[in-house]
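First the structure, in the form of structure tokens, and then the observations on it.
The values are calculated or read from the model by the stated rules, or taken from the named source; none is laboratory data. As the structure is a prediction and not an experimental result, all values here were calculated from the model. Reconstructed Cβ throughout: ideal geometry from the backbone, glycine too, with neighbour counts over all protein chains shown.
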Amino acid sequence: MITDFINSKLKNAAYRILGDGTYFGEIRGVKGVWANADSLEECREELKEVLEDWLVVKIRAGEKVSGFSSVFGKKRMAYA
């Protein structure tokens, strides 16, 4: 479920090369999720990690995430 959500969001990622030759990636519609790295592959991996962290923060805060149906309802919220 989490992997499916992350993979679906990564399909909508947009990348570009910046003036300094580094790669910038973002997922449109997911505020604050972006990455910058020396290679496209590193940028993709970093973007995935940022998205994973973003999702964990949202779940822990009990916030609804569009396109993600959490098994952790308010009464079943899991805390690490």
Checking the conditions here, which among Gly21, Gly25 is in contact with a Cys (Cβ under 7 Å, 6 or more places away or on another chain) and either surrounded by 12 or more Cβ atoms within 10 Å (Cβ to Cβ) or assigned to a loop (DSSP other than H, G, I, E, B) (or both)?
Gly25
Out of all the residues in the stretch 29-47, which are in a loop (DSSP other than H, G, I, E, B), at pLDDT 95 or above and within 19 Å of Ser8 (Cβ to Cβ)?
Val33
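Name the single residue, out of those in the stretch 28-47 being within 11 Å of the chain's Cα centre (by Cα) and among the hydrophobic types (A, V, I, L, M, F, W, C), that is surrounded by the fewest Cβ atoms within 10 Å (Cβ to Cβ).
My answer is Trp34.
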Have a look at Val50, Val65 and point out the one that is modelled with pLDDT of 95 or more and surrounded by 11 or more Cβ atoms within 10 Å (Cβ to Cβ).
Val50
Is it the case that Val33 is in contact with a Leu (Cβ under 7 Å, 6 or more places away or on another chain) and β-branched (Val, Ile, Thr)?
yes
